[in-house]
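Structure first, then comments.
The values are calculated or read from the model by the stated rules, or taken from the named source; none is laboratory data. Predicted model only: the values in this text are computed from it and were never measured. Heads up, the Cβs are rebuilt from the backbone with ideal geometry, glycines too, and the neighbour counts pull from every protein chain shown.
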Amino acid sequence: MSSQKSSAKPYSSNWKAWLAGALAVMPLSIAVIPWGILAGSLALDAGLSPFESQAMSAIVFAGAAQLVAVGMIKAGIGLTSILITTLLITSRHLLYSMAMRAQISPLPLKWRLSLGFLLTDELFAIIAKNKDQANQPLNPWYALGGGLSFYLTWNIASAAGILIGHNIPNLESWGLDFAIAATFIAIVTPQINRPSILICVLVSLVCSVVCELFQVPSGLLIASLLGMACGSLYAKATGEGE
Amino acid sequence: MITLTILLMAAIIFCSRYLFLEPRLPLKLSSNILKFLSYSAPAVLSAIWAPIVFIQQHELSISLDNHYLISAVVAIILAITTHNTLLTTVLSMALFFLLRFYQ
């Protein structure tokens, strides 16, 4: 492994950076456990073999897309519809990879492939957090620590769901999804240091709630793009930060 | 058929995550696009957490009975005052589960 001298500054070793990433993602890992269990259990329920159910978590590695897809498989919906739905759900990852392009595209191929594969909502969130706090270029070991530990949690939780099978307790009622809200609030709030960012946050907040209430497909992406557009247009119109 | 579904889904999702990380992709992001993208993290993360907090049982819930909302407001206050991500997360989650436990 190359030691990436230039980018390891805030951490005394690659291992420490890895651990910092794993720690940063931990609340999100805890929050994803019930969904992992559900993904494993529902895959079995939809008629996938235990091996196929685990393979889905291991190689698809996308919570929302997996849950929707197994629902569609169970309902006997065809491959084309499943793939189009997958494309709609996953479209926000295009935004993440574009936002990360400046930081990740100069890295060697093995880093690009592994961080690309691991680029979930959760990894994007903790990279955004680290960038804000340290104001440093991306430390790939930090990202790998966050991404890989999250990947392992997702797969262990799916395996547990496959083992438990149909007898899963009603995990959704535990409210573990609040951990996602708490972590994202903790990451976003300190970043609101300019009026344009406040506008961006408020617009995506209101728009995402409206989209969810009216069950708009791809509401997350629509809300995000609208927030980003309002924030950057406001900054441009007022000459903010220039 | 299941195997094919899994492989094609994996391919679509990996491509969406990897596409713009590929340096050979001939795409030069203009400074306007980069500015636009600099808003992506606050926008996306807010769009993920807001529905979790404001919508309960498929309905808008702005009331003191909504533990998600109370705990989220406390999380925002903690985040502003402490600027500490871990502390904010842990304390607001503790409050949330206390509220649930004693409801």
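Considering only region A:62-75, I want to know if a residue exists there that is closer than 16 Å to residue A:165 by Cβ, touching a helix residue (DSSP H, G or I) at 6+ places or on another chain (Cβ under 7 Å), among the charged types (D, E, K, R) and without any contact (Cβ under 8 Å) to a residue 40 or more places away in the chain.
Yes, region A:62-75 contains at least one residue that is closer than 16 Å to residue A:165 by Cβ, touching a helix residue (DSSP H, G or I) at 6+ places or on another chain (Cβ under 7 Å), among the charged types (D, E, K, R) and without any contact (Cβ under 8 Å) to a residue 40 or more places away in the chain.
Which of the residues belonging to region B:61-72 are aliphatic (A, V, I, L, M) and surrounded by 15 or more Cβ atoms within 10 Å (Cβ to Cβ)?
B:69, B:70, B:72 - these are the residues of region B:61-72 that are aliphatic (A, V, I, L, M) and surrounded by 15 or more Cβ atoms within 10 Å (Cβ to Cβ).
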Report task. Give just the number: which of (1) of a type in the set (S, T, N, Q); (2) in a loop (DSSP other than H, G, I, E, B); (3) modelled with pLDDT of 95 or more does residue A:193 not satisfy? Result -> (3)
Query raised in the report: residue A:18 versus (1) more than 11 Å from every other protein chain (Cβ to nearest Cβ); (2) surrounded by 23 or more Cβ atoms within 10 Å (Cβ to Cβ): which is the lone unmet condition?
Result: (2)
Query raised in the report: Just one of A:229, A:179, A:237 is in a helix (DSSP H, G or I), touching a Pro at 6+ places or on another chain (Cβ under 9 Å) and of a type in the set (Gly, Ala, Ser); which is it?
Result: A:179
Query raised in the report: Looking at region A:199-210, is at least one residue of a type in the set (A, V, I, L, M) and within 28 Å of residue A:53 (Cα to Cα)?
Result: no
**Report entry** Matching residues in region A:182-208 - criterion: being facing another protein chain (nearest Cβ under 7 Å) and either among the polar types (S, T, N, Q) or surrounded by fewer than 19 Cβ atoms within 10 Å (Cβ to Cβ) (or both)
**Finding:** A:183, A:189, A:190, A:191, A:204, A:208
Query raised in the report: Name the residues in region A:77-116 that are under 24 Å from residue A:228 (Cβ atoms) and of a type in the set (A, V, I, L, M, F, W, C), would you?
Result: A:87, A:88, A:89, A:94, A:95, A:98, A:99, A:100, A:102, A:104, A:115
Query raised in the report: Within region B:36-60, how many residues are in a loop (DSSP other than H, G, I, E, B), surrounded by 15 or more Cβ atoms within 10 Å (Cβ to Cβ) and more than 7 Å from chain A (Cβ to nearest Cβ)?
Result: 1
Requested in this report: Tell me which residues, restricted to region A:32-55, are assigned to a helix (DSSP H, G or I) and without any contact (Cβ under 8 Å) to a residue 24 or more places away in the chain.
Outcome: A:51, A:52, A:55
Report task. Filter region B:1-35 for residues that are of a type in the set (Gly, Ala, Ser) and in a helix (DSSP H, G or I) and give the result. Result -> B:10, B:11, B:16, B:31
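Would you confirm whether or not region B:78-86 contains a residue that is under 15 Å from the mean Cα position of the chain (by Cα) and more than 21 Å from residue A:127 (Cβ to Cβ)?
The answer is no, given that none of the residues of region B:78-86 is under 15 Å from the mean Cα position of the chain (by Cα) and more than 21 Å from residue A:127 (Cβ to Cβ).
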Requested in this report: Being assigned to a helix (DSSP H, G or I) and either within 7 Å of another protein chain (Cβ to nearest Cβ) or more than 21 Å from residue A:205 (Cβ to Cβ) (or both) narrows it down to one of B:78, B:99, so name that one.
Outcome: B:99
